[in-house]
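The values are calculated or read from the model by the stated rules, or taken from the named source; none is laboratory data. Model, not experiment: these values are computed from the prediction. Virtual Cβ from ideal backbone geometry, glycine too; neighbours counted across all protein chains shown. Accessible surface is based on the protein model in full, side chains and every heavy atom, while ligands, DNA and RNA are left aside. Shrake-Rupley method; radii C 1.70, N 1.55, O 1.52, S 1.80 Å.
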Amino acid sequence: MAVVTRFAPSPTGYLHIGGARTALYSWLFARQQGGQFVLRIEDTDRERSTEESVQAIFDGMQWLGLAHDEGPFFQTQRFDRYRAVVQQLLDAGLAYHCYCTKEELEALREQQWANKEKPRYNGKCRDGAEPREGVEPVVRFRNPLEGNVVWQDAIKGEISIANTELDDLIIARADGTPTYNLTVVVDDIDMGMTHVVRGDDHINNTPRQINIYQALGAEPPVFAHVPMILGEDGSRLSKRHGAVGVMQYRDDGYLPEAVLNYLVRLGWSHGDQEIFSIEEMIQHFRLENVNRAPSTFNTEKLLWLNQQYIKSVEMSRLLELLPFYLQQAGIDTAEGPSLEAVLSELRERANTLVALAESCRMFYQDFDEYNAGAAKKHLKVSAAEPLTMLKEKLAALANWEAEAIQAVVQQTAETLELGMGKVGMPLRVAVSGSGQSPSIDITLALLGQQRALARIDQALAYVAARAEQAR
RNA sequence: GUCCCGUUCGUCUAGAGGCCUAGGACUCCAGGUUUUCAUCCUGGCAACAGGGGUUCGACUCCCCUACGGGACGCCA
């Protein structure tokens, strides 16, 4: 049988990192098995579902490159179907109307809690209940009273829960709308799901759903419950941990392939391998190798991976991604050296695309101020002499190439009998504004003769002003 | 509280009873390369939650305890 998996988020927020990993695992499994991957939006809670969240989920999935083969399906467009199934269960005596009010149920729960019992519906209306004036009934599923629900979870192994732990769950609200546990089952049956990969916060729903499958005469799919992702401090992921939507990772300068690589290795591994191409993930991923314990998110490692990708992706990929960040940073690369030449020098020293874009700035924009520490240390009065000589020699240079520039810097140091630090560093600060840049000859070569000379002039003026002040 | 799930370096993980003197990666530390920063290279610190079994032998199997997480909605 052809494999069918799905990702079925409820649109009540952005696509967060945990959901993204679940989606990835589900997608990888489908791809590997040559199966279908379905996207389904579980929006039966009209109160909390929003249009923006739906869009955020689409955006996140697209950014990550997790394409679906079918859907997106919206549960709100399938209400007729759910209603029919509820009626079917009612007719078969597998479900019943319940007239207990929310208040009564609330009181019951509180009492049970006080008695240190597990709060459960007491089955008051299970064996027939009189309609009550002014109370629209809900529909409850008649859960088996005895026995255990047992299944072989593809990740967690055998899980067994006693029916006595379960109660008669509501499958249709008083207003007639269906609830989650009913809709998932109906959809997963209708959509031919063979494998349900989802967060392990659903483990407790699974036995109820298996009972519904049985009531409906359907074979349950294989379940694979993936553990949660914890925040950096080991507690549940929340906004405070930057458990923001995946699109925030784009904005922060992460490559989607790095995020995917990080997520696939968070809770899963293939020997000692750290870097995986999409093809390798698809080839090696196994549900049964997914870790059973929750794992803690670690930004340091994500950053390292991101850096590995920035260093090693095709230049064309970098050129495709960077304009977004350059624009965000307000850097126009129309005038100046070729972006490709600049990037090939800078890519090894940035761990995010935001930082990479920022490091490009000096090649395209002039500046008025120096990094305070760098200027204080290197643009001293004593720097005037080497800078002046460098300026003269560089101005006289006919072929503006790294090799020739390097020779000039070296000659200057030798002539003045100064160490490289006393010549190279002032020059670096002069042209970059900070103490950091690629090697100085290449930096100058990229910058261009005119711009380089202008910046040396600017630095000389700065040094002169400083000398004036010192007096 | 009840039920379910889990527990190997700080973090992600390898480990399918002897290959374990517990391996790799990130971080960190110490060196080296680099006139800077970053990269890169070399080396180092660092873990089987605790207690009982089973076994000739347990990180690996079983039980208990502790701790962590989840669920207990007319949310999904």
Among residues of the range A:1-29, those that are of a type in the set (A, V, I, L, M), more than 25 Å from residue A:190 (Cβ to Cβ) and within 14 Å of RNA strand B (Cβ to nearest atom), counted:
1
Within the range A:82-102, tally of residues that are open to solvent by 20 Å² or more (accessible area, probe 1.4 Å), assigned to a helix (DSSP H, G or I) and away from RNA strand B (no atom under 12 Å from the Cβ)
6
Residue list for the range A:252-278, restricted to those being more than 6 Å from RNA strand B (Cβ to nearest atom) and touching an Asp or Glu at 6+ places or on another chain (Cβ under 9 Å):
A:261, A:270, A:273, A:277, A:278
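Can you spot a residue in the range A:325-334 that is within 16 Å of RNA strand B (Cβ to nearest atom), in contact (Cβ under 8 Å) with a residue 12 or more places away in the chain and of a type in the set (Ser, Thr, Tyr)? Explain how you work it out, then say what you get.
The initial filter retains those residues of the range A:325-334 that are within 16 Å of RNA strand B (Cβ to nearest atom), namely none.
Checked against the condition, which is being within 16 Å of RNA strand B (Cβ to nearest atom), in contact (Cβ under 8 Å) with a residue 12 or more places away in the chain and of a type in the set (Ser, Thr, Tyr), the range A:325-334 yields no hits at all.
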Could you count how many residues in the range A:398-431 are closer than 19 Å to residue A:363 by Cβ, within 8 Å of RNA strand B (Cβ to nearest atom) and either surrounded by fewer than 19 Cβ atoms within 10 Å (Cβ to Cβ) or polar (S, T, N, Q) (or both)?
1
Those residues of the range A:103-152 which are assigned to a strand (DSSP E or B) and more than 18 Å from residue A:181 (Cα to Cα) amount to A:148, A:152
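Regarding residue A:449, is this residue under 46 Å from the mean Cα position of the chain (by Cα) and either more than 16 Å from RNA strand B (Cβ to nearest atom) or more than 22 Å from residue A:360 (Cα to Cα) (or both)? Write out each step before concluding.
Numbers: under 46 Å from the mean Cα position of the chain (by Cα): yes; either more than 16 Å from RNA strand B (Cβ to nearest atom) or more than 22 Å from residue A:360 (Cα to Cα) (or both): yes.
So residue A:449 passes the test.
Within the range A:308-321, is even one residue assigned by TED's automatic domain parsing to the domain that holds residue A:270, within 29 Å of residue A:30 (Cα to Cα), among the aromatic types (Phe, Trp, Tyr) and within 14 Å of RNA strand B (Cβ to nearest atom)? Talk me through it step by step, then tell me what you get.
Keep residues of the range A:308-321 that are assigned by TED's automatic domain parsing to the domain that holds residue A:270, which gives none.
No - not one qualifying residue is present in the range A:308-321.
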Options A:273, A:327; residue that is outside the structural domain of residue A:199 (by TED's automatic domain parsing), out of contact with any helix residue (DSSP H, G or I) (no Cβ under 6 Å at 6 or more places or on another chain), open to solvent by 30 Å² or more (accessible area, probe 1.4 Å) and under 27 Å from residue A:432 (Cβ atoms):
A:327
Which residues, taken from the range A:175-215, are under 18 Å from residue A:139 (Cβ atoms), small (Gly, Ala, Ser) and in a loop (DSSP other than H, G, I, E, B)?
A:176
